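The values are calculated or read from the model by the stated rules, or taken from the named source; none is laboratory data. Just so it is clear, the structure is predicted and the values come from calculations on it, not from any experiment. Positions of Cβ are backbone-derived with ideal geometry, glycine not excepted, and every protein chain shown enters the neighbour counts.
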Amino acid sequence: MMPMRFNEAVEKYTKSAQKVVKGMGNFSRLREEDIEIGVTPKEVVYREDKINLYHFTPIVEQPLSIPVLIVYALINRPLMVDLQEDRSLVANLLKLGLDIYLIDWGYPTRADRWLTLDDYINGYIDNCVDFIRKKHSLEKINLLGICQGGTFSLCYTALQPLKVKNLIVMVTPVDFKISNALLNMQGGCTLGTEAIDVDLMVDALGNIPGDYLNCEFLMLKPWQLGIQKYLDFPEIMDNQEKLLNFLRMEKWIFDSPDQAGEAYRQFLKDFYQENKLIKGELIIGEQQVNLGNIQIPVLNLYAQKDHLVAPASSLALGKYIGTKDYTVQGFPVGHVGMYVSSRVQKSLPPVIAEWLLKRA
């Protein structure tokens, strides 16, 4: 028995060593452009302060006449929706005939620490919407809000119902007091807990460092996100496609902009700590946000295995909006899987495109 076990161990070690050697060869041939993300052709059509409004080059001859504006979260970079050619929500929507715009929030600096949610929602988002409306000679456009950007899109639509034709929200938190949501449960170090002194943090730091926020999210699943994937890395590095997928994800994860201090303060206090959105107590600028004002068609897309935005948090939306045209659909993936899962990228874009086409 002993020689057999020894031989098996040697064979296993040899195979692992061969994978590492081949993987080092793959590394040696890598170029910076190989791990580039955000590859779909686009141009900047509007700039304001740090933000850029991108317009993706349409693929079909006659795209849908009402364009879609994608509003991403302030945390991490929005090019997750265009990670790579074969895993791109944007590219797949373009192929299905949609006309796509995207807000890139950029990288806030010390000069931006006083930006508020009013600046982001009634300022930047509204200005981008108005630019698109004017360019296309439209009264209304379609909004697609993702994660925190979905929450912003809900607020914007409630405040500006005459400028939005159809609203799509994806992995979007609505009820911020779901008991089993990891972002609400983690001791004193995580978003949304009453234990965190947000005022002290913002007053001391000004802007909130992106690295701090990144660490928070990694600590929600410390073994899986912080250790396990690196232990598994030698098993994939001999496969060039898997290696590039891994490196592109790492590049996106650790490209974390700082957060404007005042906007961060208000978002944590008003949404996570006091749950004002669903209570009807949220004030943006000088206006009260009433989700009941949303009377337009709404498509709510959520991830059934989401550890960042609990499905129940997203599904709560149906209780508070005023529309009768409300559609919900879940997908069997986690939060990030909504953007990068090859299986979901075959089913999710058609759901969005068909839903919009029926309401064109």
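Could you say whether any residue in segment 168-176 is at pLDDT below 95, under 20 Å from Leu117 (Cα atoms) and assigned to a loop (DSSP other than H, G, I, E, B)?
Within segment 168-176, the subset at pLDDT below 95 is 176.
Next, from what is left, pick out any that are under 20 Å from Leu117 (Cα atoms): 176.
This time we only want the ones that are assigned to a loop (DSSP other than H, G, I, E, B), so: 176.
The answer is yes; a qualifying residue exists.
Residues that are touching a residue at least 60 places away in the same chain (Cβ under 8 Å), buried (at least 24 other Cβ atoms within 10 Å of the Cβ) and in contact with a Ser or Thr (Cβ under 7 Å, 6 or more places away or on another chain) within segment 82-113 comprise just one, Ser88.
No other residue among Ala316, Ala353, Ala310 is small (Gly, Ala, Ser) and under 19 Å from Lys140 (Cα atoms) apart from Ala353.
Taking helices (runs of 4 or more DSSP H) that do not extend beyond segment 205-292, which have at least 2 residues that are under 28 Å from Asp112 (Cα atoms), in contact with a helix residue (DSSP H, G or I) (Cβ under 7 Å, 6 or more places away or on another chain) and modelled with pLDDT of 95 or more? Break it down into steps so the answer makes sense when it comes.
Details: elements: 210-220, 229-232, 240-253, 261-266, 276-279.
Qualifying helices (runs of 4 or more DSSP H): 261-266, 276-279.
Scanning segment 35-72 for residues that are surrounded by fewer than 21 Cβ atoms within 10 Å (Cβ to Cβ) and among the aromatic types (Phe, Trp, Tyr) yields a count of 1. Considered as a group, the residues in segment 76-97 that are among the basic types (Lys, Arg) and modelled with pLDDT of 85 or more include one that is nearest to Asp211 (Cα to Cα), and that residue is Arg77. On the stretch given as segment 335-350, residues that are in contact with a strand residue (DSSP E or B) (Cβ under 9 Å, 6 or more places away or on another chain), part of a helix (DSSP H, G or I) and surrounded by fewer than 16 Cβ atoms within 10 Å (Cβ to Cβ) total 1. The residue that is farthest from Leu356 (Cα to Cα), among those in segment 300-330 that are within 16 Å of the chain's Cα centre (by Cα), among the aliphatic types (A, V, I, L, M) and in a strand (DSSP E or B), is Ala303.
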